[in-house]
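Presented below is the structure to which this report refers.
The values are calculated or read from the model by the stated rules, or taken from the named source; none is laboratory data. The structure displayed is predicted, hence computed values, not measured ones. Here the Cβ positions follow ideal geometry from the backbone for every residue, glycine too, while neighbour counts run over all protein chains shown. SASA here: full protein model, heavy atoms, side chains in, ligands and nucleic acids out. Shrake-Rupley method; radii C 1.70, N 1.55, O 1.52, S 1.80 Å.
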Amino acid sequence: MHDFLANVLPDSQDAVLLPAFIGWSPNEGSGVFDPVAQLGKQFGFYDLKPDLTVDLDDLERRLASGGYRALVVIHYFGRTDPALSSISELAQRFGALLVEDLAHGFFSSVRGSQAGSYGQVRLYSLHKMFPFAEGGLVTYSSPALLGGQKSTKSELAVDVMSYNWDAISATRRANFEEITKRLAALPGLGRQFQLLWPELNAGDVPQTLPVRVLSNTRDEIYKKMNEEGFGMVSLYHTLIDHVRGDFGSMMDLSRHIINFPVHQDVQPDVLDSLVSSFQSHLKEEMV
Ligand SMILES: Cc1ncc(COP(=O)(O)O)c(C=O)c1O
């Protein structure tokens, strides 16, 4: 993101429009927002629906109000935003470059979904998808967008190519489907928790499986399940300060979201105990 902004939109007046669900943590800061702030860019935010897909009406309003040069869309958890083609049309109409944040969507974009096929800029976070300590990737739709960008770790390309993308994608999808099936059979569905992503579309490969816990017990469930070794995450548990005032439903979601792991090292034989653990902690906390 930094490389793109610094080289393609170097003027600090070049404003960037971002979705309002952007996380922050004391260890990592904000991977999405920090480059925008570091480069002193003008910025604004648009609202999302409760399931984190784009609210097209709000997006259009914000684009119309602002002279934005870049529009960032995040395919949260690897789910291709269902309105991607309309988002792309809006970006074109208002003269903004479409930046697809595929930090969670590397496998969705390479395995047949539309994610990654509309943006002029596509950002990937390799260390989130592969067992790497670090690494990201940016691709551009046109050489006209290339200027001073530099490849810093080109050897990572060989590492990325050395994995079996089909096998990883199949494992992630199967884990997602199996966990969803088990969660959908729990009596607490709809009363104690909701599925944020109930249907996995054909081309999508999930990064995690997001759930909304309806009580105020998310942090406790997270803590207890991780003490048991289940590798849960909350993406995102804390939002950047800039969205705190204006985006109440996003703030609310950040207090309730919890994500199940579906990655390639999650073995099928732990899925029963993973979901049982969730159920038992849900119950405990509701008493
Ligand atoms: C949606 C999204 N985009 C970008 C990033 C930043 O990725 P990286 O850690 O590779 O800088 C993150 C990291 O949390 C993210 O969740």
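Given a 1.4 Å probe and every protein chain left where it sits, what share in percent of the accessible area of the range 166-286 is carbon and sulfur? The computed percentage sits at 48. Accessible area per residue for the chain is 45 Å², calculated with a 1.4 Å probe on protein heavy atoms, without ligands, DNA or RNA.
Residues of the range 14-32 with an amide N closer than 20 Å to a point placed 7 Å from the Cα of Y140 along the Cα-to-Cβ direction: 14-17.
Starting from the Cα gyration tensor of the range 215-287, take the square roots of the eigenvalues, sort them a ≥ b ≥ c, and report rounded, prolate or oblate (rounded when a/c is under 1.5, otherwise prolate if a/b is larger than b/c, else oblate).
Numbers: a/c = 3.04, a/b = 1.67, b/c = 1.82.
In terms of gyration-tensor shape, oblate.
Within the accessible area of the range 2-161, the carbon and sulfur atoms contribute 49%, probe 1.4 Å, all protein chains present.
Here is the tail figure for the range 66-123: Cα pairs spaced more than 13 Å apart come to 53 percent of all pairs.
Compute the orientation-averaged projected area for the range 1-96 from the convex hull of its Cα atoms and round it to one decimal in nm².
Details: hull surface 25.2 nm².
Dividing the Cα hull surface by four gives the mean projection, 6.3 nm².
Return one number: the angle in degrees, 0 to 90 and rounded to the nearest 10, between the long axis of the Cα atoms of helix 84-93 and the longest principal axis of the Cα atoms of the chain. Long axis of 84-93 versus the principal axis of the chain: about 20 degrees. Seen against the Cα atoms of the chain and their longest principal axis, helix 218-227 is set at about 70 degrees. Its convex hull of Cα atoms gives the range 78-209 a direction-averaged projected area, equal to a quarter of the hull surface, of 10.1 nm². Ignoring aspartates and glutamates fewer than eight residues from K150 along the same chain, the ones with Cα atoms less than 20 angstrom from its Cα are D3, D11, D34, E100, D101, E134, D159.
Peptides 15-24, 131-140, 102-111, 196-205 ranked from most to least packed give 102-111, 15-24, 196-205, 131-140, packing being the mean of other C-beta atoms within 10 angstrom over each peptide's residues.
Across the range 35-46, rounded Karplus estimates of 3J(HN,Hα) from the backbone phi angles (6.51 cos²θ - 1.76 cosθ + 1.60, θ = phi - 60°) give x, 5, 5, 4, 8, x, 6, 6, 8, x, 10, 10 Hz, Gly and Pro being marked x. Near S12, once Lys and Arg are set to +1 and Asp and Glu to -1 for all other residues with Cβ below 14 Å from its Cβ, the sum equals 0.
Need one word for the range 109-160: rounded, prolate or oblate. Basis is the Cα gyration tensor (sqrt eigenvalues a ≥ b ≥ c); a/c below 1.5 gives rounded, then a/b vs b/c decides.
Oblate.
Per-residue Karplus couplings for the range 159-176, computed as 6.51 cos²θ - 1.76 cosθ + 1.60 with θ equal to phi - 60°, are listed in order as 4, 4, 5, 7, 8, 8, 5, 4, 5, 4, 4, 5, 5, 4, 5, 5, 4, 4 Hz, Gly and Pro entered as x.
Taking every DSSP bridge with both residues inside the chain, close to 50 percent are antiparallel.
If you take the Cα atoms of the chain, find Rg, then find the Kirkwood Rh from the mean of 1/r over all pairs, what is Rg/Rh?
That ratio is 0.96, to two decimals.
Once you've got the GNM for the chain with C-alpha springs shorter than 10 Å, pick whichever of Q192, Q267, Q120 has the biggest mean-square fluctuation. Maximum fluctuation in the GNM of the chain, among the listed residues, is at Q267. The GNM of the chain, with springs linking C-alpha atoms under 10 angstrom apart, assigns the highest mean-square fluctuation among S86, S125, S30 to S86. Shown here are the Rg and Dmax of the Cα trace of the range 166-286, at 14.4, 43 Å. For the range 2-161, the normalised intensity computed at q = 0.09 Å⁻¹ comes to -0.27 (log10 of I(q)/I(0), Debye sum over alpha carbons, equal scatterers, no solvent).
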